[in-house]
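> Let me begin by handing over the structure; questions about it come next.
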Amino acid sequence: MDLGLYRIIYAVATLLTVPDIQWVTKYPDAAIHAPLGPLLLISGFPSSAVLVALEVLRSFALALLAVGLWTRFVSVAVTVLLLATYGLTYTLGKIDHTILIVLAPLILSFAHWGRSVSIDALLSRRASASQPQWPLRFLALVVGLSFFAAAFMKFATGWLSPTTQAALGHILARYYSSDSMPWSVQWVPATTQFRLAWEVTDWLTVAMELAILFTVPWWRAFRIALAAAVLFHLGVLLATNIVFSFNVVVYGAFVSWAELCRPLGAAPIVKRAIDRFAAMQLNRGAALLVALFAFALSGVTWFVTSTIPAIGATCSVLIILAGAAVGVGYLLRQAVFVAPKPIS
Amino acid sequence: MLTSAVGIRLLFAGTIALFPVQMLLIVEKNEPYPALTMPAFSGHPLEGHVLVLEKPEFRVQFAGGHVETVPYESLMPATPLDSLSIFKNVFPVHRSAINPETLAWLKSNIIRRFPQGEPSGVDIVWRKASYDVAHPGDVRFTTVRTVHLDFGREP
C-alpha cells in the first residue's frame, strides 16, 4: 500500500516538475560537450519536433505510472525517457544531478509498486504477493552512494579545513554571480562575520552526506538521515535559491504513506471512494480507455506546464516545503514518542 | 535472474564494486553520465574576505567603430542550467578552438540583440571579479585574457 501510494506521488510530482528540453536547440551543435558515457554518441541536437515528442512521451509514461497501468513496462520507460531527456540537456557540459529521480522507477518496479492502488491491481485480481524488500534497500544504497560521492569531493577539496568556510564561499559565489537574487536569499551577505557558524555548516553538510550511506542497513537511522537531508534541501533553497526537489520526491519512497494518510482514509467520503474503487471490475477495453484518459491528461499537463513554467517552479518549491514538513514531523515523532523515557 | 538471491547479491556487490571506478573517473577525468553522484560544490571559493569569480563579457564592435559591452549571458539563450559552465564549453579560451558554426551563431545572437548595427567583430574578455565580502560593493575586475573574433574573415 505504501509503495502504491508513493507511485502516484512520484508520478504526479515528476509530471509537474520535469523540465522543458526544447531550449537546447537554441545552441549550435558545436556547443555539444557531452560527458563520458552514452551521450558521447550524440553529435547534433535533435529537431524541435523530436524533442516535443520526447516530452509528450515522457508525460504520457508518467501519467500511466500514476494510474498504475502496465506499471512494470511503464516504470522502465519512465527511467529511459528521463535519462534521455535530462541527458540531452547535459550534452552542453553541465550535469544537474537528477540521477535519483531517474533510477527510482526502474528500481521500484522490482518492488511491485504497481500491485496496489492501481489499474493493474484491478485487472489482475490476484491476491497481492508479498513485497520484496531488496529494491527499497537497493534504492537506499543508490541514494547513499550518490551522497557519499559528494561528501568525498568536499572532503578532498578542503571543506573540513577550519579556515575555508566553503559553504559560505559557494553561497556568496552564487549570490554575486547573479544580478537579481530573490529577496529570500538576501540575508546571506550579512552573515559573513559568523565564520564559526559557517564552518560548523561545512562539517554538518559533510556529516549529513556521509550519514545517508552509513545508515543504509538500519531503516530508522536511514529515515532520520533523510529527514536531515530534506531540511538540508530547504536550507539550500533559502540560502541559494537552488530548488533540488527531485531528490525530495525520491526520499518519499521511504515514507509510510498509508500511515500518514490514515486520518484522511478514515473520512467516510474517502473510505466510500476507496471501497468503490477496490470493487470495480475492469476488462482490457476499460484499460485502454484509462490509457486514453492518461494520454489526454498528460497532454494537457505537458501543454500547461510548458506554457507556464512558473507552475513547475512553484510545485518544486512546494515539494521541498512539504518534504521539510514531513521530515520535521518524523524527527519530532522520534524525539517525543520513540526516544526512551526517563525512569521517574 | 535479477530477482533470484544470487542475482540480487550480484547487483549489490557489482554496484559497490563499480563505485570506486566511477569516483576515479570523476577525480581523474570528468564526471560521467549517468553516475551515482550529487552536486559536489568542490573547493572553497572564499579566501579570507576575498571571493574571486569569473565574470566574462563581450565587447561587440560594429561597422563605424561603435563598441557595445555586455555581460556574457546576455548573448546566450536562456537555460535552466548554470550558464557560465555552458559558456566556457561553447567559447574555449583558445581562439583556434572556436568553431565557425559557433561564430555564425554568436553573430546572429548579436544581430538579434542589436538589430540597428552590423557587427564586425567581438572580443571575449575573460575577467576575474574580486569581491571583498567584508565591504559589500567593493569589487575589482582583472582582465585575464582577451580573445578577438572577427566576423569579416573565416576563423
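The values are calculated or read from the model by the stated rules, or taken from the named source; none is laboratory data. Being a predicted model, the structure only gives us computed values, none of them experimental. For neighbour counting, all protein chains shown are included, and Cβ atoms are generated from backbone atoms with ideal geometry for every residue, glycine included. Just the protein is used for accessible areas: all its heavy atoms, side chains included, with ligands, DNA and RNA removed. Shrake-Rupley method; radii C 1.70, N 1.55, O 1.52, S 1.80 Å.
> Excluding ligands, DNA and RNA, what is the solvent-accessible area per residue of chain B at a probe of 1.4 Å, expressed in Å²? It would help to have the intermediate numbers written out before the result.
On the way: 8270 Å² over 155 residues.
Roughly 53 Å² per residue, with all protein chains present.
> Taking a virtual spin label 7 Å from the Cα of A:Q133 along the C-beta vector, which residues in the range B:1-34 bring their backbone nitrogen under 12 Å of it?
Those under the cut-off are none; the list is empty.
> Return the sequence-ordered ³J(HN,Hα) values of the range B:74-84 in whole Hz as given by the Karplus equation 6.51 cos²θ - 1.76 cosθ + 1.60 applied to θ = phi - 60°, using x for Gly and Pro.
Running phi through 6.51 cos²θ - 1.76 cosθ + 1.60 with θ = phi - 60° gives 6, 10, 10, x, 4, 9, x, 8, 5, 6, 5 Hz.
> Among B:P45, B:T69, B:A35, flag the residue with its Cα farthest along the positive direction of the charge dipole of the range B:1-69, charges on Cβ as +1 for Lys/Arg and -1 for Asp/Glu.
Of B:P45, B:T69, B:A35, it is B:A35.
> Quick check: from the Cα gyration tensor, does the range A:221-344 come out rounded (a/c under 1.5), prolate or oblate?
oblate
> At 222 nm, what value in deg cm²/dmol follows for chain A if DSSP H runs of at least 4 each add -39500 (n - 2.57) and the sum is divided by all its residues, to the nearest 500? Don't skip to the answer; put the middle values down first.
Values: 15 runs with 225 residues, N = 344.
That calculation yields -21500 deg cm²/dmol at 222 nm.
> Could you work out what % of the accessible surface of the range A:199-344 is carbon and sulfur, using a 1.4 angstrom probe and leaving DNA, RNA and ligands out of the count?
C and S fraction of accessible area: 77 percent.
> Hey, another quick one. Only four residue types carry charge here, +1 at the Cβ of Lys and Arg and -1 at the Cβ of Asp and Glu. Report the dipole size of chain B about the Cα centre in Debye, rounded to the nearest 20.
The dipole magnitude comes to about 180 debye.
> Can you figure out the FRET efficiency of B:D82 with A:K26, using R₀ = 25 Å and their beta-carbon distance, to the nearest 0.05?
0.95
> To the nearest 0.05, how large is the calculated FRET efficiency for A:A313 and B:K29 if R₀ is 51 Å and r is the Cβ-Cβ distance?
According to the calculation, E is roughly 0.90.
> Name the residues of the range B:4-23 whose accessible area falls by at least 50 Å² when all protein chains are present instead of the chain alone, probe 1.4 Å?
Hits at the 50 Å² cut-off: B:F12, B:F19, B:M23.
> When only DSSP loop residues count, what trypsin sites (Lys or Arg not before Pro) in the range B:48-155 have their Cβ near at most 10 other Cβ atoms within 10 Å?
Numbers: sites: B:R59, B:K88, B:R95, B:K107, B:R112, B:R113, B:R127, B:K128, B:R140, B:R145, B:R153; in loops: B:R153.
Here the trypsin sites (Lys or Arg not before Pro) that fit, given the DSSP loop and packing criteria, are B:R153.
> Another question, then. Can you tell me the dipole magnitude for the range A:141-226 around its Cα centre, using point charges on the Cβ only (Lys, Arg +1; Asp, Glu -1), in Debye to the nearest 20?
200 debye
> Still on this structure, I have one more. Of A:V74, A:S47, A:L36, which is farthest along the charge dipole of the range A:12-108 in the positive direction, counting Lys and Arg as +1 and Asp and Glu as -1 at C-beta?
A:V74
> Taking loop as defined by DSSP and a crowding limit of 13 other beta carbons within 10 Å, which trypsin sites (Lys or Arg not before Pro) in the range A:131-209 fit?
none
> Could you give the dipole magnitude of chain A about its Cα centre, charging the beta-carbon of Lys and Arg +1 and that of Asp and Glu -1, in debye to the nearest 20?
1060 debye
> Continuing with the same structure: Could you order B:E57, B:E28 by accessible surface area, starting with the largest, using a probe radius of 1.4 Å?
B:E28, B:E57
> Averaged per residue, what accessible area in Å² does the range A:245-312 show with a 1.4 Å probe, protein chains only?
Working: 4240 Å² over 68 residues.
On a per-residue basis, the range A:245-312 sits at 62 Å².
> Select from the range B:1-106 those chymotrypsin sites (Phe, Trp or Tyr not before Pro) which occupy a DSSP coil region and have at most 15 other Cβ atoms within 10 Å, ordered by residue number.
Qualifying residues, ordered by number: none.
> If I compute solvent accessible area with a 1.4 Å probe over the protein chains, what percent of it on chain B is carbon and sulfur?
Carbon-and-sulfur percentage of accessible area, whole number: 58.
> When a/c reaches 1.5 or more, the comparison of a/b and b/c decides; with that in mind, is chain A rounded, prolate or oblate per its Cα gyration tensor?
The shape class here is oblate.
> Whenever you get a sec, compute what percent of the accessible area on the range A:71-184 sits on carbon and sulfur atoms (1.4 Å probe).
On the way: 2610 of 4030 Å².
The nonpolar share, carbon plus sulfur, comes to 65 percent.
> Okay, next question. For B:K128, give me every one of the lysines with a C-alpha distance below 22 angstrom, ignoring sequence neighbours fewer than eight places off in its own chain.
Answer for B:K128, where 22 Å is the Cα cut-off: A:K94, B:K55, B:K88, listed by chain and number.
> Another one. Keeping every protein chain present and rolling a 1.4 Å probe, give me the accessible area per residue for the range A:46-102 in Å².
28 Å²
> Here is a further query. Where does chain B land at 222 nm, in deg cm²/dmol rounded to the nearest 500, when only DSSP H runs of n ≥ 4 count, each adding -39500 (n - 2.57), divided by all residues?
Dividing the helical sum by the residues of chain B leaves -10000 deg cm²/dmol.
> Now a separate question. Return the value, in Å² to the nearest 100, of accessible area buried between chains B and A (probe 1.4 Å, both sides summed).
5200 Å²
> Right, another one. Does the range A:270-318 come out rounded, prolate or oblate, given a ≥ b ≥ c as the square roots of the eigenvalues of its C-alpha gyration tensor, rounded meaning a/c under 1.5 and, failing that, prolate meaning a/b above b/c?
Oblate shape, in that a/c is at least 1.5 and b/c is the bigger or equal ratio.
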